[in-house]
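Student: Right, I'll just put the structure down here and ask away after.
Bear in mind that the values in this text are calculations on the coordinates, not laboratory data. Values in this document were obtained by computation on a predicted structure and should not be read as measured data. Counting neighbours? That spans all protein chains shown, and the Cβs are built from the backbone with ideal geometry, glycine included.
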């Protein structure tokens with residue numbers, strides 16, 4: 001079974017929002033690992049041409065699958081992730 005990871009990139013302005021977003025993801029999809037990092041994390045520059053936050057990236061077995069640069073509701077984010085990885 002593939003290993004999925006959701007990485008949430010933030011700055012101090014979006015810290016609270018992204019912390020809550022991570023908690024919503026963890027509560028809704030227990031089979032996916034999530035990680036909250038700041039915008040200086042090298043993966044943002046490596047895997048995105050839009051180096052802005054908030055940003056959420058989905059990785060499958062260490063390879064970037066998809067990313068989203070926007071503030072959306074927790075339910076919309078969970079549904080987007082489920083749509084990308086399928087229902088686990």
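Student: Considering only segment 29-42, state which residues are touching a residue at least 24 places away in the same chain (Cβ under 8 Å), more than 18 Å from residue 77 (Cα to Cα) and outside any strand (DSSP E or B). Reasoning before the result, please.
Tutor: Taking segment 29-42 and keeping what is touching a residue at least 24 places away in the same chain (Cβ under 8 Å), we get 29, 31-39, 41.
Next, only the ones that are more than 18 Å from residue 77 (Cα to Cα) stay: 38-39, 41.
Within segment 29-42, 39, 41 meet the criteria.
Listed here are the residues, each with its yes/no results for (1) closer than 22 Å to residue 73 by Cβ; (2) in a strand (DSSP E or B); (3) within 14 Å of the chain's Cα centre (by Cα).
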| site | (1), (2), (3) |
| --- | --- |
| 7 | yes, yes, yes |
| 17 | yes, no, yes |
| 20 | yes, no, yes |
| 24 | yes, no, yes |
| 44 | no, no, yes |
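Student: Here's a follow-up. Out of curiosity, is residue 82 within 13 Å of the chain's Cα centre (by Cα), in contact (Cβ under 8 Å) with a residue 24 or more places away in the chain, assigned to a loop (DSSP other than H, G, I, E, B) and surrounded by fewer than 18 Cβ atoms within 10 Å (Cβ to Cβ)?
Tutor: no
Student: With (1) out of contact with any helix residue (DSSP H, G or I) (no Cβ under 9 Å at 6 or more places or on another chain); (2) without any contact (Cβ under 8 Å) to a residue 24 or more places away in the chain as the list, and residue 66 as the residue in question, which single condition is left unmet?
Tutor: (1)
Student: How many residues does segment 63-78 contain that are in a loop (DSSP other than H, G, I, E, B) and over 19 Å from residue 51 (Cα atoms)?
Tutor: 1
Student: Here's another thing I want to ask about it. Whether any residue in segment 17-28 is in contact (Cβ under 8 Å) with a residue 60 or more places away in the chain, closer than 14 Å to residue 82 by Cα and in contact with a strand residue (DSSP E or B) (Cβ under 8 Å, 6 or more places away or on another chain) is what I want to check.
Tutor: First, the residues of segment 17-28 that are in contact (Cβ under 8 Å) with a residue 60 or more places away in the chain: none.
No: zero hits.
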